[in-house]
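I have placed the structure first, in the form of structure tokens, so that the comments after it can refer back to it.
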Amino acid sequence: MTITNSQTIQKQWRGPIDSLKSGRDAYRDAISRIDKPVFAVAHQGDVFVTHTGTMSWGLPGEETGDGIELLGFAPPLEPHQLGDRSFKDELGLHYAYIVGAMANGITSVEMVEAAGKAGMIGFFGAGGLSIRQIDVAIDRLTAASGKAPFPYGFNLIHSPNDMQLEMDTAALYLQRGIRLISASAYLGLTLPLVYYRFKGIHRSEDGRIVCPNRVIAKVSRVEVAEKFFAPAPQKLLSELVQHDLLSESEALLAEQVPVAQDITAEADSGGHTDNRPALSLFPTILALRDDAMRRYAFNTPLRVGLAGGIATPHSAAAAFSMGAAYILTGSINQAAVEADTSASVREMLVQSRQADVTMAPAADMFELGARVQVLKRGTMFAMRAAKLYELYRTYCRYEDIPVEIRTMIERDILRESYEAAWQKTRLYFETRDPGQITRAQEDAKHRMALVFRSYLGQASLWAKKGLEDRKIDYQIWCGPSMGAFNAWVQGSFLEAADQRKTVEMAIQLLTGTVKLMRFQWLAAQGVAFPSTVLDIKPSARETV
């Protein structure tokens, strides 16, 4: 039977009358007791709430008994119930919450360990680090997880200017048994990524395809998401077989498995971002997921999480209400005490507002014109980086730039002569990628790009180290979520930088989310409590 008018449904509550309470304090307490159901009833001309009793439903003419009119009901809802259950079960999580992989190790070993031990998962920020630095982080996390294992992963970032580093990183993960990576900044699939994903794929004794290495891809473009929610291209698989990186049987099995089972739809975020609005991006990626399931008939479910702008109970509730399998936070964790960055950066982030961010050229994709979102308050990095990119686009050689502009660059930005900056850049690439030096000697424009990229790359390290004489040049990856978080926690214990612990922020965020969702469920049934009864500010410290 189809019910077209919900007002015709007869709803009644039965229970102890002395359990009924009214007033703003009672309403606030009822919603905040997230482990208890909420019954809202009409009694003595007012709205009363209680956690106990039973309810009955019936259509007009059906007998419902002599109970009290039930206005609305909200079931218990706790943070661990949010998100996709299969996602949590497969990764061994209690919460559908990912601590994103901020590059240069800002998402540190300590942060990843804290998240994992709390039933969440963190990805070590391997982007921008050397193989040796990543290997050390693997050692530390392996040792920390030895006696009491916890879930964790590592980042694999697309490196179009250093594909050997990307391949070496993928090979290191395989060698060290890292079974879960977060793939970020990809514009398309690459040989190292496909190699990591499908190395070791096989059939179990019962005939199931087992792919031991998992990829969670963070994307903001539909055309890129399509490639992750599909089997790897035959061209890449054939090339891997030709180089003896995959066996023929591994390549054949790879044709039946998606490159990524999980995609994080990345909306307006810090760092690499396309500034996509979450409300349009997420449903589009969901539709893509459904189309991929119909087209390829995968045996495993495809899932979509959401990142970018997740910083308050309202944004998290919106994500889960739209069907997000999980949420991923990034910018807000950079201000956490476990983040491997400087106290100066933390204080700058704590003071930021939503409008205090802007786009700037990206160091790793400088020549391509790719951009990252950074903090603009208290730093001139974005303006100076944009100027360098403009000059790179305009001139073929550094020597062609007008002398007064070159004087400004060397005095204010490089703080040394162009030739001295090139010698330092050359020294860096002698061990990292000697081919860049050869190319720069033949191409003056490429030489200029390497020097300008050096400034961009060092700017993030100056911020991480907290070099005071370079504060005006700090590159701090940050999205508008940081300002939203600061506004939400204002006046609470989380307002202070030294109180912002990764897990505490996550639990407060998730707890506020379930309170908000219960409030909205009641509102959808016509129970219009005053907005002041909704208490989602961080207050009493929640236990994990």
FRET efficiency for GLU468 and ALA444, using Cβ-Cβ distance with R0 set to 35 Å, rounded to 0.05: 0.50
Extension gain (nm, one decimal) between LEU252 and PHE493, 0.36 nm per residue minus Cα-Cα: 81.3 nm
Ranked packing of 49-56, 510-517, most packed first, by mean Cβ within 10 Å: 510-517, 49-56
Highest to lowest packing among 357-363, 329-335, 38-44, scored as the average C-beta count within 10 Å: 329-335, 357-363, 38-44
Rounded tilt (10° steps) of 381-394 against the dominant C-alpha axis of the chain: 50
Filtered chymotrypsin sites (Phe, Trp or Tyr not before Pro), the stretch 438-469: DSSP coil and at most 12 other beta carbons within 10 Å: none
For GLU347, GLU166, order by how many other beta-carbon atoms lie within 10 Å, fewest first: GLU347, GLU166
For the chain, convex hull of alpha carbons as volume per residue, Å³: 183
C-alpha long axis of helix 163-175 to longest principal axis of the chain, angle in °: 60
Relative contact order, percent, the stretch 348-473 [alpha-carbon distance under 8 Å, six or more residues apart]: 27
Whole-number D in µm² s⁻¹ for the stretch 348-473, Kirkwood Cα-pair radius fed into Stokes-Einstein, 37 °C, 0.692 mPa s: 216
For the stretch 462-484 and the stretch 372-439, distance of Cα centres in Å: 19
Fully extended contour minus Cα-Cα distance, from ALA343 to ARG294, at 0.36 nm per residue: 12.7 nm
Where Rh is the Kirkwood radius over Cα pairs, Rg/Rh for the stretch 95-341: 0.95
Relative contact order (percent, whole number), the chain, Cα cutoff 8 Å, 6+ residue spacing: 15
Efficiency of FRET between ASP139 and ARG14 - r from beta-carbon atoms, R0 51 angstrom, step 0.05: 0.25
Among VAL224, ALA319, ASN333 - extreme Cα towards positive end, dipole of the stretch 95-341, charges at beta-carbon: ALA319
For the stretch 210-245 and the stretch 79-107, distance of Cα centres in Å: 22
Net +/- balance of residues flanking PRO530 in space, Cβ distance below 10 Å, scoring K and R +1, D and E -1: +2
Pairwise label distance in nanometres, ARG176 with MET359, each label 7 Å out on the Cα-Cβ vector: 3.4
Cα gyration tensor shape of the stretch 409-466, rounded if a/c is under 1.5, else prolate or oblate by comparing a/b with b/c: oblate
Full-extension gain in nm, THR52 to ALA148, via 0.36 nm per residue minus C-alpha separation: 30.6 nm
Spatially proximal aspartates and glutamates relative to LYS537 (Cα-Cα < 15 Å; intrachain offsets below 8 disregarded): ASP29, GLU495, GLU504
Taking the stretch 438-508 and dividing mean pair separation by its residue count, relative contact order in percent (alpha carbons under 8 Å, at least six apart): 15
Structure-based [θ]222 nm, the chain - -39500 (n - 2.57) summed over DSSP H runs of at least 4, per residue, nearest 500: -12500 deg cm²/dmol
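Readers should treat all values here as calculations from the given coordinates under stated rules, not as data from a laboratory. Remember, it's a predicted structure, so these values are computed and weren't measured experimentally. Here Cβ is always computed from backbone atoms with ideal geometry, including for glycine, and neighbour counts include all displayed protein chains.
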